[in-house]
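What follows is a short report on a single structure.
FYI, it's all coordinate maths here, none of it is from the lab. What you are looking at is a predicted structure, and each value in this text was computed from that prediction instead of being measured. Virtual Cβ from ideal backbone geometry, glycine too; neighbours counted across all protein chains shown.
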Amino acid sequence: MEPVAEIELDDHQQAIARYYRECWLDYRFFWINRKNLGMHFGYWDETTRTHAQSLLRTNEVMAEAVNIGPGDRVLDAGCGVGGSSIWLASERGATVVGVNVSPEQVGHARRFVHQRGLDDRVTILQRDYKNTGLAGESFDVVWACESIAHSPDQRDTLAEAYRLLKPGGRLVVRDVYLRRPPANEEERRMMDVWYDAWVMPPLPTTEQFLSFVSGTGFCEVHMEDVTATGIRSGRRLYWMSLAALPGATVLHRLGIRTDVQHTNVTGSIAAWRGYKRGLWEAAHTTARKPES
């Protein structure tokens with residue numbers, strides 16, 4: 001699939017695009033499948049039996065939280081390869097605009113949308129979710145599933161979401177947050193390895209993120225800790241990465257795997273170890289733009 005180049009990327013955006021370009025096959029063969037196309041962590045509860053089901057369950061829980069249904073126009077902010085956008089259109093009857101800075105992911109997403117016959121319901125654009133250029137007050141819902149963590153300033157991203165939402169529009173965000181500051185050099189290094197690998201600035205705490213949301217002007221702000229629902233996904237990623245590390249190291253030294261591909265493995269290991277130290281947590285946040 002030819003990459004799509006519609007905007008000029010800054011250095012940080014280029015790093016994000018490089019990560020997803022070079023790690024695409026890792027995601028394709030070891031995480032997603034053609035049905036779910038989900039590049040996020042799963043949501044495990046009593047209804048979930050498999051990894052693939054858990055990725056779809058994440059979509060279900062987020063959609064239920066803000067009652068997405070037919071007639072809703074949704075912005076999927078940081079849409080990956082279109083998994084959630086496609087699901088929202090096919091399962092919830094929404095009309096979706098997905099935005100992503102990665103030209104390769106935009107190309108993949110458009111192909112997947114077309115294969116499913118959803119071109120009239122899902123539009124994929126190469127845009128920056130903090131500066132989309134889209135019309136203000138034109139969306140009923142802004143959806144961000146494990147994407148805002150890439151943002152250098154999450155307040156800018158939230159301000160754009162607020163601008164895009166109609167009065168009374170809803171925001172739903174799933175992401176990871178700092179639970180406590182690193183206590184020593186080992187923990188700081190652990191988090192830095194993860195941040196660098198996944199192209200994330202240092203994470204805000206949940207309290208900081210809630211203040212960002214409220215400070216932007218949103219009301220009815222609610223956050224739910226969903227860390228426990230993603231433990232099995234985190235453990236799966238850790239053990240896959242740990243098992244792959246010896247071979248990945250050899251391939252990296254031989255120049256067959258790139259630096260970005262190698263640090264994706266080591267960063268995934270560091271992420272789980274950081275979780276086990278109690279350094280980070282995951283949460284779903286919902287909010288509403290006031291009616292006036």
* What is the helix-to-structure angle for 206-216, meaning the angle in degrees between its Cα long axis and the longest Cα principal axis of the chain, kept from 0 to 90 and rounded to the nearest 10? -> 30 degrees
* So what is the relative contact order of the range 126-283, in percent, for Cα pairs below 8 Å that sit 6 or more residues apart? -> 29 percent
* If you place +1 on the Cβ of every Lys and Arg, -1 on the Cβ of every Asp and Glu, and leave all else neutral, what size is the dipole of the range 200-276 about its Cα centre, to the nearest 20 Debye? -> 600 debye
* Structure fact -> Computed over the Cα atoms of the chain, the Rg and Dmax in Å are 18.1, 60
* Structure fact -> Low-density loop GluC sites (Glu not before Pro), the range 100-165, at most 16 other Cβ within 10 Å, DSSP non-H/G/I/E/B, are Glu137
* Asked: Remind me, relative contact order of the range 29-171 in percent, using alpha carbon pairs under 8 angstrom and six or more residues apart?
  -> 21 percent
* Degrees separating the helix 83-92 axis from the principal Cα axis of the chain, which is the longest one -> 40 degrees
* **Three-way shape call for the range 32-94 based on the alpha-carbon gyration tensor, with the a/c threshold at 1.5** => oblate
* Asked: Taking only Cα atoms, what is the 0 to 90° angle, nearest 10, from helix 231-253's long axis to the longest principal axis of the chain?
  -> 50 degrees
* Asked: Hey, what did the chain get for relative contact order, percent, Cα under 8 Å, at least 6 apart?
  -> 20 percent
* Scan the range 19-90 for GluC sites (Glu not before Pro) in coil per DSSP, keeping those whose Cβ has at most 16 other Cβ atoms within 10 Å, and list them by number. => Glu46
* Asked: What is the fewest-to-most order of Cys23, Cys79, Cys145 by other Cβ atoms lying within 10 Å of their Cβ?
  -> Cys23, Cys145, Cys79
* Residues of type lysines that Lys289 reaches as a straight line, Cα spacing below 30 Å, ignoring anything fewer than 8 places off in the same chain -> Lys130, Lys166
* Size of electric dipole in the chain: Cβ of Lys, Arg +1 and of Asp, Glu -1, about Cα centre, debye, nearest 20 -> 840 debye
* Structure fact -> If the chain between Asp120 and Thr205 were fully extended at 0.36 nm per residue, the gain over the current Cα-Cα distance would be 26.7 nm
* Out of all DSSP beta bridges with both ends in the chain, state the antiparallel percent to the nearest 5. => 45 percent
* Asked: By how many nm would the segment from Cys219 to Glu6 grow when fully extended, if each residue of separation counts as 0.36 nm and the alpha-carbon distance is taken off?
  -> 73.3 nm
* Structure fact -> Taking a crude spin-label model, label points 7 Å out from Cα along the C-beta direction, the Ser90 to Glu64 distance in nm is 2.1 nm
* Structure fact -> Karplus-derived 3J(HN,Hα) from phi for the range 97-114 (6.51 cos²θ - 1.76 cosθ + 1.60, θ = phi - 60°), whole Hz, x at Gly and Pro, runs 10, x, 10, 7, 7, 6, x, 5, 5, 4, x, 4, 4, 4, 5, 5, 4, 5
* Structure fact -> Rounded to whole angstroms and listed largest first, the alpha-carbon spread of the range 195-268 along its three principal axes comes to 53, 24, 13
* To do: Report, in debye and to the nearest 20, how large the dipole of the range 26-75 comes out about its Cα centre when Lys and Arg carry +1 and Asp and Glu carry -1 on their Cβ.
  => 280 debye
* **Cα centroid of the range 78-105 to Cα centroid of the range 169-233, whole Å** => 22 Å
